Amino acid sequence: MKPNFEPSKWFTQCVGIDIAKSTFTACLCMYEFDMGCSTVPVVFNNNKTGFNQFVKWSRKEALKGYPLRYLMEPTGVYYEALAYHLHKLGLNICVVLPNKARDFAKYEGILTKTDDMDAYTLGMMGCLDKRLKTWTPPSPIFKELRQMTRFVADINKVKTELNNHLESLAHSETVDRSIVKHYNKLIDEIDKQLASNEKAIREKVKQEPGLAERIDRIVTIKGIGYMTVITILAETNGFALITNRKQLTRYAGLDVPAHQSGPVDPKRHISKQGNVHIRTALYFPAIVSTQYNAQMKDFYVRLCKKNPQSKMVGVTAIMRKLLLLIYSLWKSGEKYDPEREKPACSRKKKEAEPIEGQPHGIDVGTLAEE
């Protein structure tokens, strides 16, 4: 496609891709300053034949001599095949969360939502947003671990539902013993599958050099279990794309955005717009930590005194604290040192006489007050 303006060094072009299960819609957009144009949206099959036709079409329509970007949303797992195909060809791919694309559409005044319009919106977003980062596929080991840990989460939901049915049957006036037997048999089978899956996870972790040792150092945190650490590493691709703690809390949906206007300052909550699997994995460890981890317990008690009406505030803060602590230990490669969690006044005497061989890489104490 030839643009309806003379391109210069500020010229940008991007192919927006709206993906469905069996097809995807593509639209090439070109932009420079306040001038822009786009192709008519084209539909391709979401398979290898469609991928090849799409690449041929995009190269034909794009302006030669200028970078070309491909932008899509992570629609379930249906985007993965195309993303991997484009990555193998060495093309520049960006994957943005749906809420970011939706916010961009609102900013641009685009209210219509169709496949064609979504592809156009993504194409324009790729032209205008300079902060988009190139997508890279997750590490094979963490991709496999993510599938295995999500299986654990899904099958545990089924187990909980079966246990609830058993509980209701136990309080019924008449109970068919055969039904109870079937329920118990299903629960026993689930337990076997969970044990087999955890064994497979541990064996797979051992295949990656150095991974098992790093995980063993992290699980020294009281309240944090092996599967919790595996889940967080799998969902973050081993923190490969995480550069700071603020980004990590936002990715997990544990950030607290402010919505203050004039004298109105409403009660703040976590955004919950991040990875739900991370929050789910941290919930029970946070509760356990408030009972058996002395430092976390002190932190929890202080927060509950400030917010006596909602103890969930303290649990959520512990979840965030544990996540940041895991991130710090992963990056430094050190073991958890509970003494660093204590307030400065309580460890002043010990700091006067440093212990030989004590690690000095993590400022974990600063996490307590954030």
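The values are calculated or read from the model by the stated rules, or taken from the named source; none is laboratory data. Please read all numbers here as calculations on a predicted model, not as lab measurements. In this analysis, Cβ positions are derived from the backbone assuming ideal geometry, glycine residues included, and neighbour counts consider all displayed protein chains. Side chains included, ligands, DNA and RNA excluded: accessible areas come from the protein's heavy atoms. Shrake-Rupley method; radii C 1.70, N 1.55, O 1.52, S 1.80 Å.
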Original post:
Taking the range 242-288 only, how many residues are open to solvent by 30 Å² or more (accessible area, probe 1.4 Å), modelled with pLDDT under 90 and among the aliphatic types (A, V, I, L, M)?
Top reply: 4
**OP:** Test residue 205 against the stated conditions and say whether it is part of a helix (DSSP H, G or I) and either within 30 Å of residue 104 (Cα to Cα) or modelled with pLDDT of 95 or more (or both).
**Re:** yes
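Restricting attention to helices (runs of 4 or more DSSP H) lying wholly within the range 208-272, give those where 3 or more residues are of a type in the set (Gly, Ala, Ser). Before you say what the answer is, go through the steps one by one.
Values: elements: 211-218, 226-235, 245-251.
It comes to none.
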Original post:
From 129, 176, 116, which residue is among the charged types (D, E, K, R) and open to solvent by less than 40 Å² (accessible area, probe 1.4 Å)?
Top reply: 129
Subject >> Residues of the range 59-98 satisfying the condition of being of a type in the set (Lys, Arg) and in contact (Cβ under 8 Å) with a residue 40 or more places away in the chain >> reply: 69
Subject >> Among (1) in a helix (DSSP H, G or I); (2) open to solvent by less than 60 Å² (accessible area, probe 1.4 Å); (3) within 26 Å of residue 149 (Cβ to Cβ) - the single one residue 291 does not satisfy >> reply: (2)
Original post:
Do we find a residue being more than 19 Å from the chain's Cα centre (by Cα) and not basic (Lys, Arg) anywhere in the range 135-151?
Top reply: no
Original post:
Among the numbered criteria (1) within 16 Å of residue 256 (Cα to Cα); (2) open to solvent by less than 40 Å² (accessible area, probe 1.4 Å), which single criterion is violated by residue 320?
Top reply: (2)
Original post:
Taking residue 208, is it touching a helix residue (DSSP H, G or I) at 6+ places or on another chain (Cβ under 7 Å), open to solvent by 60 Å² or more (accessible area, probe 1.4 Å) and either of a type in the set (Val, Ile, Thr) or closer than 30 Å to residue 134 by Cβ (or both)?
Top reply: yes
Original post:
Does residue 168 count as in a helix (DSSP H, G or I), among the polar types (S, T, N, Q) and either open to solvent by less than 80 Å² (accessible area, probe 1.4 Å) or modelled with pLDDT of 95 or more (or both)?
Top reply: yes
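When the range 43-66 is examined, which residues are found to be hydrophobic (A, V, I, L, M, F, W, C), in contact with a Ser or Thr (Cβ under 8 Å, 6 or more places away or on another chain) and either assigned to a helix (DSSP H, G or I) or surrounded by fewer than 18 Cβ atoms within 10 Å (Cβ to Cβ) (or both)?
The answer is 43, and nothing else.
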Subject >> Residues (of a type in the set (D, E, K, R) and buried (at least 19 other Cβ atoms within 10 Å of the Cβ)) located in the range 221-241 >> reply: 235
Original post:
Within the set of pairs 6 or more residues apart or between chains, which connect a residue that is more than 22 Å from residue 152 (Cα to Cα) inside the range 162-191 to a residue that is part of a loop (DSSP other than H, G, I, E, B) with Cβ atoms less than 6 Å apart?
Top reply: 169/175
Original post:
Which ones in the range 21-41 are crowded, with 18+ Cβ neighbours inside 10 Å and over 17 Å from residue 129 (Cα atoms)?
Top reply: 24, 25, 26, 39, 41
Original post:
What are the pairs, 6+ residues apart or on separate chains, where a residue within the range 302-321 that is free of Cβ contacts under 8 Å to residues at least 24 places away in the same chain has its Cβ under 6 Å from a residue that is assigned to a loop (DSSP other than H, G, I, E, B) and surrounded by fewer than 20 Cβ atoms within 10 Å (Cβ to Cβ)?
Top reply: 304/311; 313/307
**OP:** Within the range 179-195, work out how many residues are open to solvent by less than 70 Å² (accessible area, probe 1.4 Å), under 29 Å from the mean Cα position of the chain (by Cα) and not hydrophobic (A, V, I, L, M, F, W, C).
**Re:** 1
Original post:
Does residue 103 satisfy the criteria of being modelled with pLDDT of 95 or more, farther than 21 Å from residue 235 by Cβ, open to solvent by 60 Å² or more (accessible area, probe 1.4 Å) and assigned to a helix (DSSP H, G or I)?
Top reply: no
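Listed residues 78, 70, 84; which is touching a strand residue (DSSP E or B) at 6+ places or on another chain (Cβ under 7 Å) and open to solvent by less than 80 Å² (accessible area, probe 1.4 Å)?
Result of the check over 78, 70, 84: 70.
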**OP:** Name the residue, out of 121, 112, that is hydroxyl-bearing (Ser, Thr, Tyr) and either part of a helix (DSSP H, G or I) or within 21 Å of residue 13 (Cβ to Cβ) (or both).
**Re:** 121
